[in-house]
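One structure below.
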Amino acid sequence: MNYKEEILKKTFDLVMKYGIKSVSMDDISKGIGISKKTIYQYFENKRALISEMIDDHIQKDENDIDEIIAKSQNAINEIIDIARHVLSFLKGMSPTMMHDTQKYYPRQWEKVETTHFSFIRNIIKSNIERGQKEGLYNEDVNSEIISRLYVKQILAIADESTFPANEYNKGELYKTFITYHIRGIMSQKGRKKAQLQEIE
């Protein structure tokens, strides 16, 4: 791992734990054990570092999801494993992480909303269509509509005015939502298939 990769990784670990606003360049340099001067050789300032860190995380997250899909046995296995992946991320995330990104890095949040959530919408649409072919999801479910609703509901979870971080745990919100989503589209055959699986 080179210095740039190490800086991005350490920055991600720190902001996940403490939130973007609370982490300084001093914290990052101390966490890695290198000088701020070295960090500035790769990143002009904290904003540039956070921006690239978000881009890097999005790319890795999409690669991880693609890998999950490639290994999945069926549509239900696929969506539950993706849910576990998302849940593990949310459980380790500072309650202020999403709020900080929206408030202090609006361009990066806009990229998350447009590029990344477009990717997620396509994943959900494909998952629904796969499940229908496998007989695990109801045939009358409209994959286009449900995939768009899925993304809007995820954005609602991130909305501080709807679910304030000091009142609601993002991981629990997501777990409740994904359970609601899966149960709403499963066929009788799918329900039997899903009985042995838990989202944890």
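Values quoted throughout were computed directly from the atomic coordinates according to the rules given, and no laboratory measurement underlies them. The shown structure was predicted, so the numbers you read here are calculated from the model rather than taken from an experiment. All Cβ positions, glycine included, derive from the backbone under ideal geometry; neighbour counts span all protein chains shown.
Before moving on, here are some points about what is shown:
- Unique residue being in a helix (DSSP H, G or I) and either out of contact with any strand residue (DSSP E or B) (no Cβ under 7 Å at 6 or more places or on another chain) or among the basic types (K, R) (or both) when the list is I120, I128: I120
- So V141, is it in contact with a helix residue (DSSP H, G or I) (Cβ under 8 Å, 6 or more places away or on another chain), closer than 30 Å to K193 by Cα and outside any helix (DSSP H, G or I): yes
- Of the helices (runs of 4 or more DSSP H) that lie entirely inside the range 69-117, those containing 2 or more residues that are in contact (Cβ under 8 Å) with a residue 12 or more places away in the chain, of a type outside the set (S, T, Y) and touching a Lys or Arg at 6+ places or on another chain (Cβ under 6 Å) span 75-91.
- The conditions of being more than 23 Å from M186 (Cα to Cα) and either among the small types (G, A, S) or in a helix (DSSP H, G or I) (or both) are not met by R148.
- For the range 153-183, the candidate set comprises residues that are among the hydroxyl-bearing types (S, T, Y) and not in a helix (DSSP H, G or I); within that set, the residue that is farthest from I79 (Cα to Cα) is S161.
- You will find that of N166, N142, N122, N138, the residue that is touching a residue at least 60 places away in the same chain (Cβ under 8 Å) and over 14 Å from the mean Cα position of the chain (by Cα) is N166 and no other.
- Restricting the range 22-37 to residues that are outside any helix (DSSP H, G or I) and surrounded by fewer than 16 Cβ atoms within 10 Å (Cβ to Cβ) leaves a set whose member that is nearest to the chain's Cα centre (by Cα) is S22.
- Subset of the range 42-66 (residues that are part of a helix (DSSP H, G or I), exposed (fewer than 13 other Cβ atoms within 10 Å of the Cβ) and over 15 Å from the mean Cα position of the chain (by Cα)): A48
- Qualifying positions in the range 1-13 - free of Cβ contacts under 8 Å to residues at least 24 places away in the same chain and over 17 Å from the mean Cα position of the chain (by Cα): M1, N2, E5, K10
- When K10 is tested against (1) in contact with a Lys or Arg (Cβ under 8 Å, 6 or more places away or on another chain); (2) buried (at least 16 other Cβ atoms within 10 Å of the Cβ); (3) charged (D, E, K, R), exactly one condition is not met: (1).
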